[in-house]
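Okay, so here's the structure we're looking at.
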Amino acid sequence: MTLIKSISGIRGTIGGKVSDNLTPFDIVKFVSAYAEWLKETSNAVDNKKLKVVVGRDARLSGLMVENLVCGTLVGCGIDVVNIGLATTPTTEISVTAEQADGGIIITASHNPKQWNALKLLDSKGEFLSKANGETILAIAERPDSKYAEVDDLGKISYKDMTQYHIDSVLALELVDVEAIRNANFSVVIDCVNSVGGVVIPQLLKALGVNNVICLNCEPTGNFAHNPEPLKENLTEISSYIAQNKVDVGFVVDPDVDRLAIVCEDGEMFGEEYTLVSVADYVLSNTKGNTVSNLSSTRALADVTVMHGGNYYAAAVGEVNVVEKMKEVGAVIGGEGNGGVIYPASHYGRDALVGIALFLTLLAKKAMKVSELRAIYPNYFISKNKIELTSKIDVDTILEVIKGNYKHYKINDIDGVKIDFPQGWVHLRKSNTEPIVRIYSEAPTEEQADKFACAIISEIERIVGDMDGGLERDLF
């Protein structure tokens, strides 16, 4: 199958051959390299043991990977704080709470159940920079890994950080628990049988939401549907809301860093508009700038300008967005896949923060979710992909496309993004799957699809009729 090493971590399918998949050997290899990097870069003094927080989502391979990760860290002489089933943002904030030297999140996020991954954190609970990630990959190829002798082995402690995370959300100045409680919302949640089912019901109760309907909230790892929170995967919750009197629906991915919202009529709020709506609320109270990645909707820029701020685009990948947010002093940012990054909380995508801020906004606006969606600029994004084969030279394709459209505004910090007067197209190699993503946006769905089809046709002309044609798919 596939082993992908990128700024999004070490990601692969479970089982199969060493170095081709995420096998036990590969897990030990990369965790050992991470441990060595920590030792080489740590400021620890007086031979104090390093400490790493480990958390995981509920996917089927999670416990197996957890045991390997924790055992390897102990074997490297590093103490482990094992927080068990925990969301990605919970693990991130636990690193600083525990004054740890780093963290490892065991999750393949939105990927199907056969996938898992090691997401590596620094001492601030943030994803590693590209440079540090590349250093760890280089260390992993060294033939001289060294492990601790018996008296120097690390120790494992166990801690549940769920309530700590919830309390941190409740403490945010812009989260108004009283307003949410007084709104008396009825909420349906779909947690795709992963860790969201542990934390989201508790969060909603703490926010004063008493009427909560749980779909797929048992953390079994047997995903009830494709775990990516896209419209075509959310028919169950959409149908439920359409047939019952419910104010809003929330859907999270397996590690709870992405948030999709469903309107009271069962229609999708739009994953792009999770960040847009939360940013609207934050900017109405805190003046400042915003950041999203190149594949995110123009609506965020529109809302930012409306509030007197400046919008900036970053390369795709949370670490790139966070880096840009720090550079421009953004007060809110994230990614158009439902990822909200709110620095007042921490520099990481966090669906818990997104839910709390969105419910506060909804309570203060005193309108239906569909009515709230209608106040924002309306754009449509078409999301397509091309499966990579050995015959596809992505770099050559991007260079030819860039040259063919040089009379338009081009951004090539991450693939190629072409800005047209009526919209844009962004094509880039995925960080998490062996595919080329082709995203396009326009004021109408028809125009967005037209942009995408034009680029796909052009790619086909560039590469020729490879293997009977390109493998392409509409998300």
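Annotations for the structure displayed:
- Positions within segment 59-103 being small (Gly, Ala, Ser), in contact with a Phe, Trp or Tyr (Cβ under 9 Å, 6 or more places away or on another chain) and surrounded by 23 or more Cβ atoms within 10 Å (Cβ to Cβ), in sequence order: SER94, GLY102
- Selection within segment 437-467: residues that are in contact with a helix residue (DSSP H, G or I) (Cβ under 6 Å, 6 or more places away or on another chain) and not in a helix (DSSP H, G or I). The member of this set that is farthest from TRP115 (Cα to Cα) is ALA442.
- ALA344 under 21 Å from the mean Cα position of the chain (by Cα), among the small types (Gly, Ala, Ser), under 25 Å from GLU267 (Cβ atoms) and surrounded by fewer than 24 Cβ atoms within 10 Å (Cβ to Cβ): no
- Test: residue in segment 156-173 that is out of contact with any His (no Cβ under 9 Å at 6 or more places or on another chain), without any contact (Cβ under 8 Å) to a residue 12 or more places away in the chain and in a loop (DSSP other than H, G, I, E, B): yes
- If the condition is being of a type in the set (A, V, I, L, M, F, W, C) and at positive phi, then segment 336-367 contributes only ALA366.
- Selection within segment 191-246 - in a loop (DSSP other than H, G, I, E, B), among the aliphatic types (A, V, I, L, M) and either modelled with pLDDT under 95 or under 22 Å from GLY339 (Cα atoms) (or both): VAL192, VAL195, LEU207, ALA224, LEU230, LEU234
- In segment 138-145 there is at least one residue matching the filter, namely being in contact with a Ser or Thr (Cβ under 7 Å, 6 or more places away or on another chain) and either surrounded by fewer than 17 Cβ atoms within 10 Å (Cβ to Cβ) or among the charged types (D, E, K, R) (or both).
- Segment 288-305, subset touching a helix residue (DSSP H, G or I) at 6+ places or on another chain (Cβ under 8 Å) and among the aliphatic types (A, V, I, L, M), residue surrounded by the most Cβ atoms within 10 Å (Cβ to Cβ): VAL291
- Selection of segment 254-269 for residues being in a loop (DSSP other than H, G, I, E, B) and either within 18 Å of TYR342 (Cβ to Cβ) or out of contact with any Pro (no Cβ under 8 Å at 6 or more places or on another chain) (or both) yields ASP255, VAL256, ASP257, ARG258, CYS263, GLU264, ASP265, GLY266, GLU267, PHE269.
- Among the residues making up segment 377-417, a single one is part of a loop (DSSP other than H, G, I, E, B), aliphatic (A, V, I, L, M) and within 30 Å of VAL303 (Cα to Cα): ILE413.
- Considering VAL256, VAL316, VAL262, the condition of being modelled with pLDDT under 95 and of a type in the set (A, V, I, L, M, F, W, C) is satisfied by VAL316 alone.
The values are calculated or read from the model by the stated rules, or taken from the named source; none is laboratory data. Everything numeric in this text was worked out from a predicted model, so none of it was measured. For neighbour counting, all protein chains shown are included, and Cβ atoms are generated from backbone atoms with ideal geometry for every residue, glycine included.
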